[in-house]
Structures are given as structure tokens and as C-alpha cells.
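Visitor: Sharing a structure with you now.
What follows is calculated from the coordinates using simple rules that are stated; it is not laboratory data. As the structure is a prediction and not an experimental result, all values here were calculated from the model. When we count neighbours, we look across all protein chains shown, and the Cβ atoms used for this are built from the backbone with ideal geometry, even at glycine.
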Amino acid sequence: MLPYGRQWIDEADVAAVTEVLTSDWLTTGPWVRDFEHALAARAGVAHAVSCTSGTAALHIAYAAAGIGPGDEVITTPMTYVATASGAMHHGATVVFADIEEDTGNIDPAAVEAVVSERTRVIAGVDYAGQPVDIDRLNTIAHRVGAVTVEDAAHSVGSTDKGRPVGALADLTTFSFFPTKNMTTAEGGAVLTDDDALALRADEFHKIGVSRDRSTYRHPDEGAWWYEVPSIGLNYRLSDVHAALGLSQLGKLDDFKARRTALFARYQEALAGVDGLRVPTVRSWVDPTWHLYPVRILGGRRREVFEKLRAAGIGVQVNYIPVYWHPVFEDLGYRRGLCPNAERFYEEEISLPMFARLSYDEQDRVIDTLRGILGA
Ligand SMILES: *Cc1c(COP(=O)(O)O)cnc(C)c1O
């Protein structure tokens, strides 16, 4: 089965990981520090906090934002459940805003319609790799004293008006899962330019421990002293994973170039095919394409999906609207809430998209899909 996404590990990655395994440090050592510095430098921000997954990164970002019971987090239903559940772990209430009908990204106009003085976070997702309309989301959030979280699990390496993802929102989260744009096996990161947000993110992912004597309540104790001003979790990334990440980060531009070329070939081959809609791209973005999401029209999504799978092409559906899951149904969220997202879901199929996909493999996907659609 041709997968919809997969990692690309080479000899340099293997050597980087092997070096750590025989070093003095296996975790929270020099590779973690260097990986975080490299991530922050690439985005041009002051801070990156690495962590164990994109899910952890969201939980950490929401902790940094300081949300709790009674606070509202506005987000998109067209995402992986972690964008919403990360806020619910802090006791906050999730309010879904519908997506733009074409890009699949959260619609700032829909956010405007639900924003209130209870809103503490507006969390967008860069669907398929295309950055959200961050300028409008920042404006709305800052007007009510909220912060923006950009779930950039899909868009590591993307830019918006020339500005790198990671520098656009108040807090940005990455995922380094194997199918994403670069990998640490499991891993993630939170990026921010704000010192206070970064400090809270860092402490939360280190069990809540503070090692900044200038902030201690009891500063006169000995050199062994540290304090726990708030509770956190152990979400630290290991040096083994960080070494892989540092090696992969050095290849991100190459991965992006390949994904860009594959995207252009898909667009060229599939635009104008009857019964099919290809992705819309905003003029001001330069995405690292994590997914190639097509829309199957005429109620044929299930048939086309099953025929592609039967032909050995590992397509996916991204995503089931988050509030359709039973846990949200049980909380009272109902179908019909976000009609654009529901229609998008009913039509969507993600075709194989990863840096190592060959043009021959891609042509087989294109020919098979065209054949199924009778084009
Ligand atoms: C993958 C993903 C996550 C979670 O990342 P993990 O590293 O798998 O925990 C969160 N949000 C989106 C949009 C994702 O695609």
C-alpha cells in the first residue's frame, strides 16, 4: 500500500542519533538546547520549547496562555482532536468557529461572530500546510485581550507574506510525528517571541519546576533549592529525539521543495477534472504542503475512497469534524454547528503527499483517480 505520508530518514539521521546514544546525555542535554535554538532561529523568535508530541505542544501552549474553567477557546472543527482537547484538559470551554469554504482554515468572520469577553485563546490550524489568516485572527484576539495559538502541525516550513510560521501567532505549536513535514519519531515544540509565555511553557513541560532564583518565594535557601510555583507535567523531549530533529531540520528546505513540486504536479494534472475540486491557495502564502486534499463532488467520496484503497493507494480523510466525536456529542455539541466544515469533511480525500514520493508513484495515483472518476 502506498502510504498517504511517511518519513524520510537517511544515513546522516542515523549517525546523529547514534552519536547521542554513546554520549554523556540522553535527555535534556546539548542536543535539546541546540534543537530549540535552531527552531527559534529559523522562525526568528526568541523561544522554542521542545516537547514529546504535537498534542503535548498544544497542552503546553494552552497552559502558557493561562486558561482555566470559565474561559473560552475558539477553534476550528477541521483538525485533529488535540487542538480542542488540549484546552479541555485545562477545564476551558471549546467554541467551534466554521471554516472558510475553500481553504479549510478557520474563518475570521466566523470567529468574529462568537468572540466575547470570555475568549482567552483563538486557535487556528494551518490546514494541509497553508497558514491561517493570522493577521485578522491576531487583530480579533488582541482586541479582547486574548492570545492566538497557531496549530502548525502541518505547516512547519511554511511562510505567510514572507514571514515564517512560528513568528506569526502569539504561540505556535509544531508536531514532528513521522508523517509531518519533518520528524523526531514523536515530538513537538512551542514557539513564541514573548518571554512570559515562554517561561510558563518551559516550566509547565518540566513538571512546574522553576530554577529562576529571582522569582523564588524563599530565595535564601542553599544551592540545592528550587521551587514549584504551579503544577506541570513531564513533557521533555529526549536528546535522542532532538538529535534526529536537528538533522531533519537541516533538510527541511529540501523536503519543502519536493512537496512543492509534487503539489504543482497534482494541481496541473487534476485541475479541471469533472467531479473533483483541487486545493485553493492564497496569493500571500508559501506552504510546505503536508497534505494534498482533494474534494470529491457528487456524493462519490466513499466510492472513490474505497476504490483508491482497493488499488493500493493509502488515502486518508482529514478530518472528521471534531465535535462529531462521541465525547463532544455527550457534552451537547450537535451536528449542523459548522456547515462548511461538515461539507468539507463529506467531500475530502487526502492523496499521498510526502517528500520521498516519486513522480512515477504520483502518476499512478493521478491515473487511478482519473480512471475512477471517468476523466
Ligand atoms: C498531528 C497533529 C497534531 C498532534 O500531533 P502529534 O505529534 O501526533 O501529537 C495536532 N494537530 C494537528 C492539526 C495535527 O495534524
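Visitor: Between V149, V317, Q7, whose Cα lies farthest towards the positive end of the dipole of the chain when Lys and Arg beta carbons carry +1 and Asp and Glu beta carbons carry -1, centred on the Cα centre?
Guide: Of the candidates, V317 comes out farthest on the positive side.
Visitor: According to a simple spin-label model (label point 7 Å from Cα along Cα-to-Cβ), what is the distance in nm between E11 and D254?
Guide: The modelled label-to-label distance comes out at 1.2 nm.
Visitor: Rank G188, P352, A48 by how far each Cα sits towards the positive end of the charge dipole of the chain (+1 on Lys, Arg Cβ; -1 on Asp, Glu Cβ) and give me just the farthest.
Guide: The residue sitting most towards the positive pole is P352.
Visitor: Here's something else I'd like to know. For Y226 paired with A109, estimate the spin-label separation in nm (one decimal), with each label point 7 Å from Cα along the Cα-to-Cβ line.
Guide: 5.1 nm
Visitor: Still on this structure, please answer the following. Using Cα centres only, tell me the gap between the stretch 185-235 and the stretch 65-86 in whole Å.
Guide: Measuring centre to centre over Cα atoms gives 23 Å.
Visitor: Modelled label-to-label distance, T22 and R335, 7 Å Cα→beta-carbon offset: nm?
Guide: The modelled label-to-label distance comes out at 5.9 nm.
Visitor: Let me ask something additional. With n ≥ 4 as the cut-off for DSSP H runs, can you work out [θ] at 222 nm for the chain, using -39500 (n - 2.57) per run divided by the number of residues, rounded to the nearest 500?
Guide: Taken over the chain, the calculation gives -11000 deg cm²/dmol.
Visitor: Express in nm, to one decimal, how much length is gained between V144 and A271 on full extension, taking 0.36 nm for each residue of separation and deducting their alpha carbon distance.
Guide: Taking 0.36 nm per residue and subtracting the Cα distance, the gain is 41.6 nm.
Visitor: May I pose another question? Say the cut-off is 25 Å between C-alpha atoms; which of K206/K251; K180/K251; K161/K256 go over it?
Guide: Check vs 25 Å cut-off fails for K206/K251.
Visitor: Using the Cα centre of the stretch 252-373 as the reference point, and only Cβ charges (+1 on K/R, -1 on D/E), how large is the resulting charge dipole? Debye, rounded to the nearest 20.
Guide: For this selection, approximately 120 debye.
Visitor: Output the antiparallel fraction of DSSP beta bridges having both residues in the chain, as a percent to the nearest 5.
Guide: Approximately 60 percent, going by the DSSP bridge assignments.
Visitor: Considering all alpha-carbon pairs of the chain, what whole percent are spaced by more than 26 angstrom?
Guide: Tail of the P(r) past 26 Å holds 52 percent of the pairs.
Visitor: Okay, moving on. Sort 19-29, 42-52, 103-113 by the packing proxy (mean of other Cβ within 10 Å over each peptide's residues), most packed first.
Guide: Details: 19-29: 13.4, 42-52: 22.4, 103-113: 20.8.
Listed from highest to lowest mean packing, they are 42-52, 103-113, 19-29.
Visitor: Relative contact order of the chain: what whole-number percent is it, with Cα pairs under 8 angstrom and at least 6 residues apart?
Guide: 23 percent
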